[in-house]
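Enquirer: This structure is in structure tokens; I'll ask about it shortly.
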Amino acid sequence: MSETVKISYGGKDFELPVIEGTENEKAIDIAKLRGLSGLITIDPGFKNTGSTTSSITFLDGEEGILRYRGYGIEELAEKSTFLEVAYLLIYGELPTQQQYEKFTREITYHTLVHEDIKKILDGFPSNSHPMGVLSSLICSLTAFYPGSLDPTRNEDAVNLSIVRLLAKMPTFAAWAYKNEVGHPVNYPDNSLDYCSNFLKMMFALPAEKYEVNPVVSKALDKLLILHADHEQNCSTSTVRMVGSSQASIYAAISAGINALWGPLHGGANQAVIEMLEAIKADGGDTKKFLNKAKDKDDPFRLMGFGHRVYKNFDPRAKIIKKAADDVLEAMGVHDPVLEIAKELEYAALNDQYFVDRKLYPNVDFYSGIIYRALGIPTDMFTVLFAMGRLPGWIAQWKEMRENGEPIGRPRQIYTGAQTRGYVSMNKRG
Ligand code: SDX
């Protein structure tokens, strides 16, 4: 017999079912609440509200656990590759050798984009933020592949859209960067692996021979794994919401890119580096900035700190912090902001304000330091976050579609003016 909760309201008693997940998480199913009691629930930011059940990613914010389809993030980051993790998230199981070879071959041979994309790219002035360019180019795929607009497409057509997204995302990301710096774009090199191909498209220059540094390519692959999914975060919920209206997958992913852009979400990795640079420029007084972050009258927040779900160390931050030391050492890079970041982390973790609010470094706190060491410019950091999160967005969109979930349409409590008659302009005060 499943559990229930009892609600007493308006002199009546109601019972609502409690559902339980495979990791013993429990939720009140309020599907019948309004019909039974006339009440709805309200929860700005959905801090206590689940939007769906999902079998893709599990995270335990108190214990600092993150698993993709049951596999711990620590093991995947150590032993897997980004495309293998992408397959796992999207199709639910680790691929066999044959499945993996087919998947990677299809992606490799879809990396080229229609030449008319350049006309769209040319419409963006240099210095356009690459996230805006990226979301536009992804959405433009609805024009080049209008079949994606048909919500009744079969599984093969959906899988082709999935391959196109994974294949063309690095090309679009690199082209968005080239547009920003005013350099000619590079075409994909199908002899290279996923990350090496991206790095070459991004950094190769006509006048020079570009060799991919394997340390950089491997570090990037690990970073993409660590960003690949994170259950119902802001951008993933956006993808699911847009997808629930049966808009094209390309439109849904484009919306997810825009949601990720905000500095409270994926844009934090850029904001962290800007914050660390500001602290360095100000003389490196981390205590001063910690006090600013605690001052309610000061809008300054410690970027890269805090999380809606993690009330313990973000397991990704732990892995990225270690990778930052390894990558910088391997590349012989000394970045003073890494020392400032470690000082800031130590001070915050020993400050009552942060301890009381369980504010720990999140995925964005150290990732920017590695991106910088890899030569990635600051406003491309969130683009790399989007590249990493793409398989997660796809997997969540696919699950929502396969579960036949209804269109997302929350209710509200109205607090505006009550009924009133129209007053002609010449009679208004
Ligand atoms: C990502 O959801 C995900 O899974 C996201 C993500 C993913 O993989 O998809 O993990 C990626 O977005 C990571 C988060 C990146 N954002 C930042 O680093 C920006 C800085 N962090 C904060 O803005 C904040 O912590 C959020 C947005 C991440 C979470 O905010 P919440 O859950 O809405 O919490 P809140 O704003 O209500 O804060 C609770 C308290 C408040 O103080 P009080 O009102 O209780 O006195 O903590 C304080 C806040 O002022 N607080 C901070 C703080 N974060 C929260 N104070 C100073 N610095 C901070 N960073």
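Enquirer: I'm checking my understanding of the structure. Among residues of region 402-429 that are basic (Lys, Arg) and either outside any helix (DSSP H, G or I) or assigned by TED's automatic domain parsing to the domain that holds Leu166 (or both), which one is nearest to Val239 (Cα to Cα)?
Expert: Arg409
Enquirer: Of everything in region 203-222 that's touching a residue at least 40 places away in the same chain (Cβ under 8 Å) and touching a Leu at 6+ places or on another chain (Cβ under 7 Å), which residue is surrounded by the most Cβ atoms within 10 Å (Cβ to Cβ)?
Expert: Among those residues, the one meeting the criterion is Leu220.
Enquirer: Test each condition in (1) touching a Ser or Thr at 6+ places or on another chain (Cβ under 6 Å); (2) assigned to a helix (DSSP H, G or I) for Pro188 and report the one that comes out false.
Expert: With (1) touching a Ser or Thr at 6+ places or on another chain (Cβ under 6 Å); (2) assigned to a helix (DSSP H, G or I) applied to Pro188, the lone miss is (2).
Enquirer: Failed condition for Met380, given (1) in a helix (DSSP H, G or I); (2) within 16 Å of the ligand (Cβ to nearest atom); (3) in contact with a Phe, Trp or Tyr (Cβ under 6 Å, 6 or more places away or on another chain), with all others met?
Expert: Going through the list (1) in a helix (DSSP H, G or I); (2) within 16 Å of the ligand (Cβ to nearest atom); (3) in contact with a Phe, Trp or Tyr (Cβ under 6 Å, 6 or more places away or on another chain), Met380 breaks only (2).
Enquirer: A further question follows. Would you please name the residue that is farthest from the ligand (Cβ to nearest atom), looking only at residues in region 350-377 that are more than 30 Å from Met201 (Cα to Cα) and outside any helix (DSSP H, G or I)?
Expert: Asn350
Enquirer: Look at Lys200 and say whether it is over 11 Å from the mean Cα position of the chain (by Cα), over 22 Å from Pro315 (Cα atoms), away from the ligand (no atom under 16 Å from the Cβ) and surrounded by fewer than 24 Cβ atoms within 10 Å (Cβ to Cβ).
Expert: yes
Enquirer: Quickly run through region 329-343 and pick out the residues that are farther than 25 Å from Phe203 by Cα and touching a Leu at 6+ places or on another chain (Cβ under 7 Å).
Expert: The answer is Ile340, Ala341.
Enquirer: Same structure, new question: Just wondering, is there one or more residues in region 257-266 that are out of contact with any Pro (no Cβ under 7 Å at 6 or more places or on another chain), over 25 Å from Val113 (Cβ atoms), surrounded by fewer than 20 Cβ atoms within 10 Å (Cβ to Cβ) and small (Gly, Ala, Ser)?
Expert: Checked against the condition, which is being out of contact with any Pro (no Cβ under 7 Å at 6 or more places or on another chain), over 25 Å from Val113 (Cβ atoms), surrounded by fewer than 20 Cβ atoms within 10 Å (Cβ to Cβ) and small (Gly, Ala, Ser), region 257-266 yields at least one hit.
Enquirer: Let me ask something additional. Restricting attention to region 363-379, report how many residues are buried (at least 24 other Cβ atoms within 10 Å of the Cβ) and either basic (Lys, Arg) or under 15 Å from the mean Cα position of the chain (by Cα) (or both).
Expert: Matching residues across region 363-379 total 5.
Enquirer: Something else: Output the number of residues of region 312-336 satisfying the condition of being more than 16 Å from the ligand (Cβ to nearest atom) and not small (Gly, Ala, Ser).
Expert: The total comes to 11.
Enquirer: A further question on this structure: Restricted to region 331-349, and to residues that are of a type in the set (D, E, K, R) and assigned to a helix (DSSP H, G or I), which residue is surrounded by the most Cβ atoms within 10 Å (Cβ to Cβ)?
Expert: Across region 331-349, the extreme among qualifying residues is Glu345.
Enquirer: Something else: Among the residues that make up region 353-367, is at least one of them in the same structural domain as Lys294 (by TED's automatic domain parsing), farther than 30 Å from Asn179 by Cβ and free of Cβ contacts under 8 Å to residues at least 12 places away in the same chain?
Expert: Taking every residue of region 353-367 in turn, at least one turns out to be in the same structural domain as Lys294 (by TED's automatic domain parsing), farther than 30 Å from Asn179 by Cβ and free of Cβ contacts under 8 Å to residues at least 12 places away in the same chain.
Enquirer: Taking only pairs six or more apart or across chains, which ones have beta-carbon atoms under 9 Å, a first residue in region 269-295 that is more than 18 Å from Phe365 (Cα to Cα), and a second residue that is more than 13 Å from the ligand (Cβ to nearest atom) and part of a loop (DSSP other than H, G, I, E, B)?
Expert: Lys288/Asp282
Enquirer: Going through region 85-107 one residue at a time, which ones are surrounded by 16 or more Cβ atoms within 10 Å (Cβ to Cβ) and either outside the structural domain of Val163 (by TED's automatic domain parsing) or among the polar types (S, T, N, Q) (or both)?
Expert: Answer for region 85-107, where residues must be surrounded by 16 or more Cβ atoms within 10 Å (Cβ to Cβ) and either outside the structural domain of Val163 (by TED's automatic domain parsing) or among the polar types (S, T, N, Q) (or both): just Thr104.
Enquirer: Also: Please pick out the residue among Leu83, Leu66, Leu36 that is assigned to a helix (DSSP H, G or I), within 19 Å of the chain's Cα centre (by Cα) and not polar (S, T, N, Q).
Expert: Leu83
Enquirer: Which of (1) within 18 Å of the chain's Cα centre (by Cα); (2) assigned to a helix (DSSP H, G or I); (3) aliphatic (A, V, I, L, M) does Leu328 not meet, given it meets every other one?
Expert: (1)
Enquirer: It is to be established whether one or more residues within region 293-311 are within 9 Å of the ligand (Cβ to nearest atom), under 30 Å from Trp393 (Cβ atoms) and part of a strand (DSSP E or B).
Expert: Yes, there is a match, as at least one residue in region 293-311 is within 9 Å of the ligand (Cβ to nearest atom), under 30 Å from Trp393 (Cβ atoms) and part of a strand (DSSP E or B).
The values are calculated or read from the model by the stated rules, or taken from the named source; none is laboratory data. Values in this document were obtained by computation on a predicted structure and should not be read as measured data. Because the Cβ atoms are built from the backbone with ideal geometry, glycine has one as well, and the counts that use them run over all protein chains shown.
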